[in-house]
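The structure appears right after this line, and notes come after that.
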């Protein structure tokens, strides 16, 4: 509709004011129209999070044709690339899509910046590509992208302090800033990275617990809960805190339609397995829909294999074989061969054990700790102690009574054959007593593990020190906790070094806030 005002009725100053008001209203509308989460975009985002990528692409094409100025589809296109590359880890696909970051950033930068989504989308694209590049070894470009994303989000926070979605990116940056290894602190300081796991967690919880009326924030909550679950399970001192994420997911209005999708199944199963609810994890992993319209997460087969091993189920091998036959990415290949070998070893099939252990040498990479540890076993040709292996899996599954009977129902002479066996036996006893809240006994075995295992190549002493730190921190003995976290970080060993050091580093940051 067009309005006509006779010029004779308007004095020049009024005409100018009316023109300026109309101009600014137009600019504001134009800026908003460039970043609109309308029905097509909301449906596309939900389809992406449900791993229905082809369905998402259809919604995005509709939006591009109907509203070509809207930049949100460009950001969502990038989200598709991010999840595809991050999950599949396909080097050839990475090369094919590598230039998309530059193209999308240029298109987004041409939009009007009078919208909180302007810098948010630019930052999210940079962050997503940073994590992809980290996975494919392009570390310098990745760090540069993280720094630029951080600057964009900090500026956005200053301009739009009420725009809560800023926290989704800032929280990730603050979390990883708190985990920078000491040898790279100079780079972190040079780039101005600051933060901690706790800061990142608190920022994510602002979004996860949001109960207001903003439909876009509600739409993002499942993604936020996914991040929270990962942090709580892998980086926090008390893994039971991760169970609160399950409650948050139940309270979130947007979670119901996502609870059976592969990403949420991964998150929830991880929480259940870390807290010893192995049977529930198996139930969840076995019921999620694996339909052709969803992008597959083959890692779920690997997780099911682990859960089955934890229960000593003889069919665990089927899931590791499924993972190895379907997944053609970079990580957990060596680990899957190792776990497959262990499955056969516990069945007494030494031929198949050796066949699969030997596959480790020439397959997969050594980026993650699990693969590195698998390669160490393959090179050293040390066959694991079957009794200790069973006790380990039963413990990991939360079957503590069965685990301790596995160790106590046999004489030490039947179990212990090497110095490593004695060290692992002591460590396993400490872990079981710890999880069953018998802390005096846990301390006794942990201290013995540290005494026997310091200077050895295995991870037992380091994790014993880490667990001693956690027990003391939970009891409020922060000085003692700091001592044991420092001890864990000072140890030299070969297995699970990165993950244990990250947890000790996060613990050290927590207790040092309270220690004078």
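Where a number appears in this text, it was derived from the coordinates with a stated rule and is not lab data. Worth saying up front: this structure is predicted, and the values here are computed from it rather than measured. Please note: Cβ atoms are built from the backbone with ideal geometry, for glycine as well, and neighbour counts cover all protein chains shown.
Once label points are set 7 Å from the Cα along Cα→Cβ at both residue 209 and residue 444, what is their separation, rounded to one decimal in nm?
4.1 nm
With angles folded into 0 to 90 degrees, how steeply does helix 139-159 sit against the dominant principal axis of the chain? Use alpha carbons for both and round to 10.
It works out to around 50 degrees.
Please work out the C-alpha center-to-center distance from the range 86-144 to the range 339-413 and express it in whole Å.
Centre-to-centre (Cα) distance: 39 Å.
What do you get for the angle between helix 39-49 and the principal long axis of the chain? Use alpha-carbon atoms, 0 to 90 degrees, nearest ten.
The answer is roughly 10 degrees.
Within 10 Å of each residue's Cβ, count the other Cβ atoms and sort 326, 499 from fewest upward.
Exposure proxy ranking, most exposed first: 326, 499.
Helix 333-346: angle to the longest alpha-carbon principal axis of the chain, degrees 0 to 90, nearest 10?
Helix 333-346 and the main axis of the chain meet at about 30 degrees.
Assuming R0 = 30 Å, what is the FRET efficiency of residue 141 and residue 386, from their Cβ-Cβ distance, to the nearest 0.05?
Computed FRET efficiency for residue 141 and residue 386: 0.05.
Can you work out the FRET efficiency for the pair residue 155 and residue 69, with r the C-beta to C-beta distance and R0 = 30 Å, to the nearest 0.05?
0.80
With an 8 Å Cα cut-off and a minimum separation of 6 or more residues, compute the relative contact order for the range 343-481 in percent.
Averaging sequence separation for qualifying contacts and normalising by length gives 13 percent for the range 343-481.
Would you list 174, 363 from fewest to most Cβ contacts within 10 Å?
Going from least to most buried by this count: 363, 174.
Do the sum for the chain: with -39,500 (n - 2.57) for every DSSP H run of n ≥ 4, divided by all residues, what is the mean residue ellipticity at 222 nm, to the nearest 500 deg cm²/dmol?
Estimated from H runs of four or more residues: -22500 deg cm²/dmol.
Below 8 Å, C-alpha to C-alpha, sequence gap of six or more: please give me the relative contact order for the range 390-459 in percent.
Taking the mean separation of contacting Cα pairs over the length of the range 390-459, I get 24 percent.
Points 7 angstrom from Cα along the Cβ direction at residue 405 and residue 365: gap in nanometres?
A separation of 4.4 nm, rounded to one decimal place.
Only Cα pairs under 8 Å and at least 6 apart count here; give the relative contact order of the chain as a rounded whole percent.
It rounds to 9 percent for the chain.
Along the Cα→Cβ direction, 7 angstrom out, place labels at residue 480 and residue 355. What is the inter-label distance in nm?
Placing both labels 7 Å beyond Cα along the Cβ direction yields 5.1 nm.
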